[in-house]
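The values are calculated or read from the model by the stated rules, or taken from the named source; none is laboratory data. Model, not experiment: these values are computed from the prediction. So basically every Cβ, Gly included, is an ideal-geometry build from the backbone, and we count neighbours across all protein chains shown. Each accessible area value is taken on the protein alone, full model and side chains, heavy atoms only, with ligands, DNA and RNA left out. Shrake-Rupley method; radii C 1.70, N 1.55, O 1.52, S 1.80 Å.
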Amino acid sequence: MNKESFLFREVTREDIRNITASALCYTGTFEYSLLDGGLFNTTYLVTCEDTAKYVLRLGPVNRHLILEFEHNLMNAECHVYSLCRENGIPCSEVVCCDTSKTIIDRDFMIVKYINGDSLCGAKIAEEEKRSIYREVGKYTKILHSIKNNCFGRVSEVLQGTKFDSWAEYLLFEVRSILNQGKTVGLWDQAYQNRIEQIFIDHRELLNKVTCASLIHTDLWEGNVLARDGKCLAIIDPDRAIYGDIEMEFASPWMITDDFLFGYGAINHSPEWGKKQKIYKIFFYLIDAYVWKCEYGQPKRTKELLDKIENIQASMVE
């Protein structure tokens with residue numbers, strides 16, 4: 001599955017040797033194996049002769065294809081992991097993050113190997129899985145308690161692109177995505193204008209959000225590592241946003257009754273339903289670009305654009 005992506009590219013043993021020598025000061029023998037599933041990054045398990053194990057993730061090739069906010073994801077991930085550790089949320093332990101592109105012409109990150117299984121691939125008893133979902137809900141609540149004095153994508157906030165209002169940030173990112181999609185012929189100017197107008201028309205509603213909370217935005221079973229009925233780590237928070245907590249619930253992959261039990265009470269705004277539709281359009285728009293232009297799967301893009309059309313239709317009924 002990895003090789004369908006335009007962003008995936010394997011590296012040589014010599015590349016990995018150079019990385020481990022520089023980043024880990026390790027020059028002994030090692031074994032490595034490609035880990036499946038990565039479409040954005042290329043990921044390896046590296047085992048050194050002293051039995052120390054690491055996960056090496058290399059950033060995308062063909063970087064001209066990626067979205068604007070995707071250019072600083074590894075630094076964002078490191079930052080969010082540090083916040084998670086400060087707040088007792090289990091996560092990966094970063095050994096090295098190198099975005100200099102001097103050792104190899106790609107960003108790379110090395111984290112300590114966690115002896116657990118991805119929740120989406122592991123054979124876990126139903127009751128154990130329910131317990132893990134409750135844990136993830138509890139930790140997500142803690143994540144949402146982390147606040148910032150500005151709104152924006154963490155990857156861009158770290159580079160100085162931050163916003164005083166929630167609506168201003170959303171419109172900025174939506175315009176950026178639409179501009180890039182139009183450039184490659186994914187949609188035309190009329191479509192761009194129509195999608196932008198949704199966020200312009202709801203600016204007053206969106207600006208009722210005055211507290212910028214840390215949200216993961218990519219919670220799904222593949223980003224949860226577990227073992228023996230316990231959540232060992234929540235990973236891959238590189239796309240995190242300082243924004244509206246309610247946005248987290250627009251991506252439904254982890255939102256089960258057990259997750260919600262662990263999370264606890266949610267103070268739904270009166271506009272919950274309308275905002276959920278807006279946030280789904282936001283997520284689907286990103287995914288529509290990503291699946292065609294980054295991952296080379298246009299059929300998925302058509303499905304996502306159809307979903308946007310259905311939401312739009314429901315908003316004018």
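Between K162, K147, which is open to solvent by 50 Å² or more (accessible area, probe 1.4 Å), modelled with pLDDT of 95 or more and touching a helix residue (DSSP H, G or I) at 6+ places or on another chain (Cβ under 8 Å)? It would help to see each step written out before you state the result.
Details: K147 fails: touching a helix residue (DSSP H, G or I) at 6+ places or on another chain (Cβ under 8 Å).
Being open to solvent by 50 Å² or more (accessible area, probe 1.4 Å), modelled with pLDDT of 95 or more and touching a helix residue (DSSP H, G or I) at 6+ places or on another chain (Cβ under 8 Å) holds for just one of K162, K147, which is K162.
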So which residues in segment 269-317 are of a type in the set (S, T, N, Q), at pLDDT 95 or above and within 29 Å of R63 (Cβ to Cβ)? T301
Within the group V46, V61, which residue is part of a loop (DSSP other than H, G, I, E, B), at pLDDT 95 or above and over 17 Å from the mean Cα position of the chain (by Cα)? V61
Please go through segment 84-107 and give me each residue that is over 16 Å from the mean Cα position of the chain (by Cα), among the hydrophobic types (A, V, I, L, M, F, W, C) and not in a loop (DSSP other than H, G, I, E, B), ordered by number. V94, V95, C96, C97
Pick out the one residue from L171, L219 that is at negative phi, in a helix (DSSP H, G or I), among the hydrophobic types (A, V, I, L, M, F, W, C) and surrounded by 13 or more Cβ atoms within 10 Å (Cβ to Cβ). L171
From the set of residues in segment 251-283 that are more than 17 Å from N223 (Cα to Cα), among the polar types (S, T, N, Q) and not in a helix (DSSP H, G or I), which is least open to solvent (accessible area, probe 1.4 Å)? S269
Answer yes if at least one residue in segment 46-55 is open to solvent by less than 10 Å² (accessible area, probe 1.4 Å), closer than 24 Å to F283 by Cα and of a type outside the set (S, T, N, Q), and no otherwise. no
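Among the residues of segment 107-120, write down those that are touching a helix residue (DSSP H, G or I) at 6+ places or on another chain (Cβ under 8 Å) and not polar (S, T, N, Q).
As a first pass, look at segment 107-120 and keep what is touching a helix residue (DSSP H, G or I) at 6+ places or on another chain (Cβ under 8 Å): 107-110, 118-120.
Across segment 107-120, the qualifying residues are D107, F108, M109, I110, L119, C120.
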